Amino acid sequence: MEAARVLSDLSLPPPPPPPPVIAVAINGKKKSKYPISWALDKFIPDGFSDFKLLYIRPPITHIPTPMGNDVMITELRDNVVSAYLKEVDRKTNEMLLPYKKMFERRKVQVEILVLESEETAEDIGEEIARTGITKLVIGMSLRGFFSRKIDMSSMIATAVPRFCTVFVISKGG
């Protein structure tokens, strides 16, 4: 009886693969809307409705004072640091709101991921590996493209795992 059960389990088709996970990485500047718009135009017609929005900000190690100086957070009371971090989070959420609304207008789900890092490319690669993102859309400045310096989009494209397809989008310089 047990052998028959095992054989019938083997004849079942494999479960469907998980749906692709699409992320758009932005820097929060004015031109961040172009990769988002491109991703929505490209992937919504294909039936995708869940997206992730990646925003990387530098780690907070100092807090500005009213006198124009910076004080290391290790030298301040916890409540002062906590209040400052809440204010930074509020400003970040406020800055990301127009981008979130772009997704909402198209009636798609978006999960906003805010990472703190000085190593943007490496941390985006790690986040992709951790969350299984299979498609990443990033913007690129034409100024960086025509100069000989390596731009951030190139560094990100080389840092992501092989299972992730990277789309580099440019709109003007």
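If we scan the stretch 141-157, do we find a residue that is within 23 Å of K33 (Cβ to Cβ), surrounded by 12 or more Cβ atoms within 10 Å (Cβ to Cβ), within 13 Å of the chain's Cα centre (by Cα) and modelled with pLDDT of 90 or more? No, every residue in the stretch 141-157 fails to be within 23 Å of K33 (Cβ to Cβ), surrounded by 12 or more Cβ atoms within 10 Å (Cβ to Cβ), within 13 Å of the chain's Cα centre (by Cα) and modelled with pLDDT of 90 or more. Given the condition of a type in the set (A, V, I, L, M, F, W, C) and at pLDDT below 90, answer yes or no: does some residue in the stretch 33-54 qualify? Yes, some residue in the stretch 33-54 is of a type in the set (A, V, I, L, M, F, W, C) and at pLDDT below 90.
Within the bounds of the stretch 59-74, is there any residue that is at pLDDT 90 or above and acidic (D, E)? Yes: one or more hits.
Residue-wise test of (1) closer than 30 Å to I138 by Cβ; (2) hydrophobic (A, V, I, L, M, F, W, C).
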position	(1), (2)
I56	yes, yes
T74	no, no
D89	yes, no
M95	yes, yes
K101	yes, no
E111	yes, no
V114	yes, yes
E118	yes, no
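The values are calculated or read from the model by the stated rules, or taken from the named source; none is laboratory data. Everything quoted here is computed from the prediction, not taken from an experiment. Because the Cβ atoms are built from the backbone with ideal geometry, glycine has one as well, and the counts that use them run over all protein chains shown.
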